[in-house]
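Quick one: this structure, given as structure tokens, is what I'll be asking you about.
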Amino acid sequence: MRTAIVSAMHEELAAVLALMPDESRQPVAGREFWVGHLHGREVVAVLSRIGKVAAATTATVLAERFNVGEVVFTGVAGGLGAGVQVGDVVVADRFLQHDLDASPIFPRYEVPLYGTGEFRTDAALTTRLAAAAARALPAARLHRGLVVSGDRFVSTTPECRALQAALPQALAVEMEGAAVAQVCHDYGIPFAAVRTISDRADDAAPGDFARFVREVASRHSAAIVEALLA
Ligand code: ADE
């Protein structure tokens, strides 16, 4: 069975590719899919690109062309939940699009014609991923719960407060996970996602994000992927 490793950033993908001895590049839809092995397991590694549409295209190509049996997403996110701090790790048990609103025709956040706004990650794969994160980063605080996605980098304290008020269960915010979760739901492919918290989605987010990506993110996601597939 082939595992897809989807990274949100170049730094993370590079660190994953460094663990693959035999990767070969397969271009599809303007993306580079890297097929090979990691710890002897069949893997395809790819950059999700940023935002929900780009991530959905990447996930669709993985499903249609690469015969993947499971999809694992690694990246960074802004912390929303009380106590979800920079450097913490969030494993998603479900996703929702915080910027989707077809009300009053459909309830706020509901994806039209799906009857829900929340897409659960695969329970078994999520448990494996959380265990891998705990092994790889024993000093990091680990959270598990709702992650919300939208096509905006949340970088003002008022916007962060508004999200926290509207979605009090949300642990973290990012820009791709709900899209990949929906595509994987459509294709019946198990999906799990882990995000390291790079910022608190507030006025300090742009500086915190840049520093974190430079200094920490790639090491974190490669370590978690390695622990997952070891
Ligand atoms: N990814 C990392 N930090 C984020 C933020 N503040 N908003 C959206 N996506 C993010």
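The values are calculated or read from the model by the stated rules, or taken from the named source; none is laboratory data. Bear in mind that the values here come from a model prediction, so they are computed numbers and not experimental data. Every residue, glycine as well, gets a Cβ built from its backbone with ideal geometry; the counts of neighbours run over all protein chains shown. Quick note on the areas: whole protein, heavy atoms, side chains included, nothing else; ligands and nucleic acids left out. Shrake-Rupley method; radii C 1.70, N 1.55, O 1.52, S 1.80 Å.
Pull up all non-local amide H partners of GLU32: gap of 5 or more, or a different chain, and H-to-H distance under 5 Å with H placed in the peptide plane.
LEU47
Top to bottom by accessible area (1.4 Å), largest first, where do GLU215, GLU176, GLU110 land?
Numbers: GLU215 100, GLU176 10, GLU110 35 Å².
The ordering from most to least exposed comes out as GLU215, GLU110, GLU176.
Which sequence of HIS10, HIS185 reflects their accessible areas, 1.4 Å probe, from the largest down? Please list the in-between numbers first.
Numbers: HIS10 130, HIS185 105 Å².
Largest to smallest exposure gives the sequence HIS10, HIS185.
Would you list MET175, MET1, MET20 from the most to the least accessible area, probe 1.4 Å?
MET1, MET175, MET20
Another question, then. Highest GNM mean-square fluctuation, the chain, Cα pairs closer than 10 Å: which of ARG219, ARG65, ARG211?
Greatest mean-square fluctuation among the candidates belongs to ARG65.
Continuing with this model, one more query. Test of understanding: in a Gaussian network model of the chain with alpha carbons linked when under 10 Å, which of ALA136, ALA204, ALA54 would top the mean-square fluctuation ranking?
It is ALA204.
Still on this structure, please answer the following. Mind giving me the nanometre distance, one decimal, between the label points for MET1 and SER24, set 7 Å out from Cα along Cα→Cβ?
My value for the distance between the label points is 2.5 nm.
Tell me, what is the per residue accessible area of the chain in Å², probe radius 1.4 Å? Show your work: numbers first, answer last.
Numbers: 9630 Å² over 230 residues.
Computed with neighbouring chains in place, this is 42 Å² per residue.
Can you give the FRET efficiency to the nearest 0.05 for THR157 and ALA123, using r as the Cβ-Cβ distance and R₀ = 35 Å? Present the calculation step by step, with values, prior to reporting the outcome.
Numbers: r = 35 Å, r/R0 = 0.99.
Efficiency for this residue pair is about 0.50.
How large is log10 of I(q)/I(0) for region 1-113 at q = 0.15, 0.16, 0.20, 0.22 Å⁻¹ when the intensity is taken from the Debye formula with one equal scatterer per alpha-carbon?
Calculated log10 I(q)/I(0) at the listed q: -0.76, -0.84, -1.12, -1.23.
Still on this structure: Quick one: among PRO112, PRO190, PRO206, which has the greatest mean-square fluctuation in a GNM of the chain with alpha-carbon springs under 10 angstrom?
Answer for the Gaussian network model of the chain: PRO112.
Please work out, to two decimal places, the log10 of the ratio I(q)/I(0) at q = 0.10, 0.11, 0.12, 0.16 Å⁻¹ from a Debye calculation in which every Cα of region 61-184 carries one identical scatterer.
The Debye formula, applied to the Cα set alone, gives -0.33, -0.40, -0.47, -0.82.
Can you list residues whose amide H is under 5 Å from HIS143's amide H, if they're 5+ apart or on another chain and H is modeled 1.01 Å from N?
Those lying under 5 Å, H to H, from HIS143 are VAL89, VAL90, VAL91.
For region 186-198, in order, what is each residue's ³J(HN,Hα) by Karplus, 6.51 cos²θ - 1.76 cosθ + 1.60 with θ = phi - 60°, in whole Hz (x at glycine and Pro)?
4, 9, x, 9, x, 9, 9, 9, 10, 9, 8, 7, 9
Applying the Karplus parametrisation 6.51 cos²θ - 1.76 cosθ + 1.60 with θ = phi - 60° to the phi angles of region 88-94, what ³J(HN,Hα) value in whole Hz is obtained for each residue in order, glycine and proline being reported as x?
Per residue, the Karplus-derived 3J(HN,Hα) values read 6, 10, 10, 9, 7, 9, 6 Hz.
Contact order normalised by length for the chain, with contacts defined as Cα pairs under 8 Å and 6 or more residues apart; what percent is it? Provide the component values of the computation, followed by the final result.
Details: 537 pairs, mean separation 66.4, N = 230.
Computed value for the chain: 29 percent relative contact order.
Also: On the protein heavy atoms, probe 1.4 angstrom, tell me the percent of accessible surface of the chain carried by carbon and sulfur. Please report the intermediate quantities before stating the final value.
Values: 5190 of 9630 Å².
The C+S portion of the solvent-accessible surface of the chain is 54 percent.
Report the full-extension gain for the segment TYR114 to ARG211: residue separation times 0.36 nm, less the Cα-Cα distance, to one decimal in nm. Before the final figure, lay out each step's value.
On the way: separation 97, 0.36 × 97 = 34.92 nm, distance 3.86 nm.
Difference between extended and current length: 31.1 nm.
Pull out a ≥ b ≥ c, the square roots of the eigenvalues of the alpha-carbon gyration tensor of the chain, then state rounded if a/c is under 1.5, prolate if not and a/b is larger than b/c, and oblate in the remaining case. The partial results should precede the final answer.
On the way: a/c = 1.69, a/b = 1.24, b/c = 1.36.
Oblate, since a/c reaches 1.5 and b/c is not below a/b.
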